[in-house]
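The values are calculated or read from the model by the stated rules, or taken from the named source; none is laboratory data. Since the model is a prediction, treat every value here as computed from it, not as a measurement. Positions of Cβ are backbone-derived with ideal geometry, glycine not excepted, and every protein chain shown enters the neighbour counts.
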């Protein structure tokens, strides 16, 4: 069964279209007006082996807040639609990723319950002209609409670019693990409740 979805979100602040293929090869295309965020989204695609196509026209002349948050929301909606009833998936995923001096850990549960625990002590306020506060907004939008529990911890790091890149690489790897289909779980919901 195809695990793909396309979702559009149109507000007075942003117009967004997100397409995902959970069984892709890591292909990505972005048009958001936010080059550094696109660099991070590419980490999700490449390390998660998820094909992503994200187009966003937003009010970036004000700042990048609405666009970053709404991309997270729309990606979460697309992810939830693509994963479907979650039968047969591994459900849990985790990854530790280093980049030079930086090390991050990401743990995800496709639990059906949105929750974000986020501890990333950035050493500066922006990277590539992008406000690092907006990464939290992106992930909060994602968890609220993908219905996942997500723990993100930057364990070490002095260079903010390295810090956030390890987060996104680990996020991609954790997604890949959680979304992997387990033949032994075929047709089975990975929960004692029988539903997620």
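I'm checking my understanding of the structure. Among residues of segment 77-112 that are assigned to a loop (DSSP other than H, G, I, E, B) and touching a strand residue (DSSP E or B) at 6+ places or on another chain (Cβ under 6 Å), which one is nearest to residue 162 (Cα to Cα)?
111
In segment 115-165, what count of residues is obtained for those that are out of contact with any helix residue (DSSP H, G or I) (no Cβ under 9 Å at 6 or more places or on another chain), crowded, with 16+ Cβ neighbours inside 10 Å and free of Cβ contacts under 8 Å to residues at least 40 places away in the same chain?
Number satisfying all stated conditions: 2.
May I ask you to list the residues in segment 113-133 that are in a strand (DSSP E or B), under 19 Å from the mean Cα position of the chain (by Cα) and farther than 21 Å from residue 176 by Cβ?
Scanning segment 113-133 gives 119, 127, 130, 131.
In segment 96-114, what residues are in contact with a helix residue (DSSP H, G or I) (Cβ under 7 Å, 6 or more places away or on another chain), surrounded by 15 or more Cβ atoms within 10 Å (Cβ to Cβ) and closer than 18 Å to residue 173 by Cβ?
The answer is 96, 97, 98, 99, 102, 103, 104, 105, 106, 107, 108, 110.
Of all residues in segment 1-30 being outside any strand (DSSP E or B) and in contact with a helix residue (DSSP H, G or I) (Cβ under 8 Å, 6 or more places away or on another chain), which is farthest from residue 85 (Cα to Cα)?
Applying the filter and picking the extreme gives 13.
Within segment 55-65, can one find any residue that is more than 17 Å from residue 165 (Cα to Cα), touching a residue at least 60 places away in the same chain (Cβ under 8 Å) and buried (at least 20 other Cβ atoms within 10 Å of the Cβ)?
yes
Give all pairs with beta carbons closer than 7 Å in which a residue from segment 178-196 that is loosely packed, with under 10 Cβ neighbours inside 10 Å meets a residue that is not in a helix (DSSP H, G or I); count only pairs at least 6 apart in sequence or on separate chains.
186/88; 187/87; 187/88; 195/189
Any residue at all in segment 31-41 that's free of Cβ contacts under 8 Å to residues at least 40 places away in the same chain, in a helix (DSSP H, G or I) and out of contact with any helix residue (DSSP H, G or I) (no Cβ under 9 Å at 6 or more places or on another chain)?
Looking through segment 31-41, at least one residue is free of Cβ contacts under 8 Å to residues at least 40 places away in the same chain, in a helix (DSSP H, G or I) and out of contact with any helix residue (DSSP H, G or I) (no Cβ under 9 Å at 6 or more places or on another chain).
In segment 16-33, what count of residues is obtained for those that are in contact with a strand residue (DSSP E or B) (Cβ under 6 Å, 6 or more places away or on another chain) and surrounded by 15 or more Cβ atoms within 10 Å (Cβ to Cβ)?
Of the residues in segment 16-33, 10 are in contact with a strand residue (DSSP E or B) (Cβ under 6 Å, 6 or more places away or on another chain) and surrounded by 15 or more Cβ atoms within 10 Å (Cβ to Cβ).
Residues in segment 174-190: is at least one at pLDDT below 95, in a loop (DSSP other than H, G, I, E, B) and in contact with a strand residue (DSSP E or B) (Cβ under 8 Å, 6 or more places away or on another chain)?
Looking through segment 174-190, at least one residue is at pLDDT below 95, in a loop (DSSP other than H, G, I, E, B) and in contact with a strand residue (DSSP E or B) (Cβ under 8 Å, 6 or more places away or on another chain).
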